[in-house]
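The values are calculated or read from the model by the stated rules, or taken from the named source; none is laboratory data. Please read all numbers here as calculations on a predicted model, not as lab measurements. Every residue, glycine as well, gets a Cβ built from its backbone with ideal geometry; the counts of neighbours run over all protein chains shown.
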Amino acid sequence: MFHEMRASDLVKIDLHGNMVDDGTGQSKRVNAAGFTIHSAIHMAREDLHFVIHTHTAAGIAVSAQKQGLLPISQHALKFYGHLAYHGYEGVALDLEERDRLVADLGTHKAMILANHGLLVGGRTVGEAWNMIYYLERACQAQVAALAGGAELILPPEEVRLKTAAQFNRNPGTEHYDMAWQTALRLIENDTPDYRS
Ligand SMILES: [Zn+2]
């Protein structure tokens with residue numbers, strides 16, 4: 001299970017999915033569908049050194065909604081005009097899907113995989129963490145807001161664009177990395193042997 005994973009359980013692979021010998025002699029397997037998705041991004045986007053893909057309830061729920069991510073929260077507005085969508089094609093075992101994943105992502109760093117989940121990338125692990133944190137929170141907020149059944153407030157277009165620009169005006173990753181170090185302390189406090 002995920003909470004049982006330790007650093008020594010991870011595998012190092014090349015861009016063709018072949019395991020790079022880690023010298024331990026242990027036999028491990030690579031998740032083929034996970035490889036298709038992650039390798040697609042790594043092969044095409046040299047700026048995105050870290051790729052995170054999740055199957056959370058809120059992410060899957062929004063991925064199944066035709067309207068996509070609604071501009072109804074500050075968290076969602078970080079992605080206004082900066083979010084890609086990719087249609088569902090089944091479990092990602094077909095390597096040819098990589099071309100379509102990359103084409104759909106374009107120059108963005110975040111994408112909703114329809115009927116499947118969320119995908120983000122970052123220049124640093126901190127940036128990738130920040131992206132998935134905000135996208136996940138935006139999805140949680142959307143699911144909760146729609147479940148309430150009340151009429152939603154959608155900010156005017158100029159406010160949406162302004163907010164997205166505010167989020168994206170800092171080209172550096174220092175503040176992302178600071179938040180990542182903070183997030184790391186959650187696992188350090190909870191499961192300190194994750195490094196083993
Ligand atoms: Zn997946």
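In region 173-190, is there at least one residue being under 24 Å from Ile72 (Cα atoms) and out of contact with any helix residue (DSSP H, G or I) (no Cβ under 7 Å at 6 or more places or on another chain)? No: region 173-190 contains no residue that is under 24 Å from Ile72 (Cα atoms) and out of contact with any helix residue (DSSP H, G or I) (no Cβ under 7 Å at 6 or more places or on another chain). Please verify whether Leu118 is within 16 Å of the ligand (Cβ to nearest atom) and more than 28 Å from Leu152 (Cβ to Cβ), treating the condition exactly as stated. No; evaluated as a whole, the condition is false for this residue. Scanning region 75-111 for residues that are part of a strand (DSSP E or B) and not aromatic (Phe, Trp, Tyr) yields a total of 4.
Each residue in region 47-80 was checked for being within 15 Å of the ligand (Cβ to nearest atom) and of a type in the set (S, T, N, Q), and 3 of them qualify.
If I ask for residues that are touching a residue at least 60 places away in the same chain (Cβ under 8 Å) and surrounded by 10 or more Cβ atoms within 10 Å (Cβ to Cβ), which ones from region 2-17 would you list? Across region 2-17, the qualifying residues are Met5, Arg6, Ser8. Among the residues of region 51-96, those that are modelled with pLDDT of 95 or more and among the small types (Gly, Ala, Ser) comprise Ala57, Ala58, Gly59, Ala61, Ser63, Ala64, Gly68, Ser73, Ala76, Gly81, Ala84, Gly87.
Residues checked against (1) more than 16 Å from the ligand (Cβ to nearest atom); (2) free of Cβ contacts under 8 Å to residues at least 60 places away in the same chain:
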| position | (1), (2) |
| --- | --- |
| Asp21 | yes, yes |
| Arg45 | yes, no |
| Gly87 | no, yes |
| Gly90 | no, yes |
| Leu95 | no, yes |
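Listed by first and then second residue, the pairs with beta-carbon distance under 7 Å, at least 6 apart or on different chains, first residue in region 97-122 and farther than 7 Å from His86 by Cβ, second of a type in the set (Phe, Trp, Tyr) and crowded, with 24+ Cβ neighbours inside 10 Å, are Ala110/Phe79. Restricting the search to helices (runs of 4 or more DSSP H) fully inside region 112-195 and requiring at least 2 residues that are charged (D, E, K, R) and surrounded by fewer than 18 Cβ atoms within 10 Å (Cβ to Cβ) gives 157-168, 174-190.
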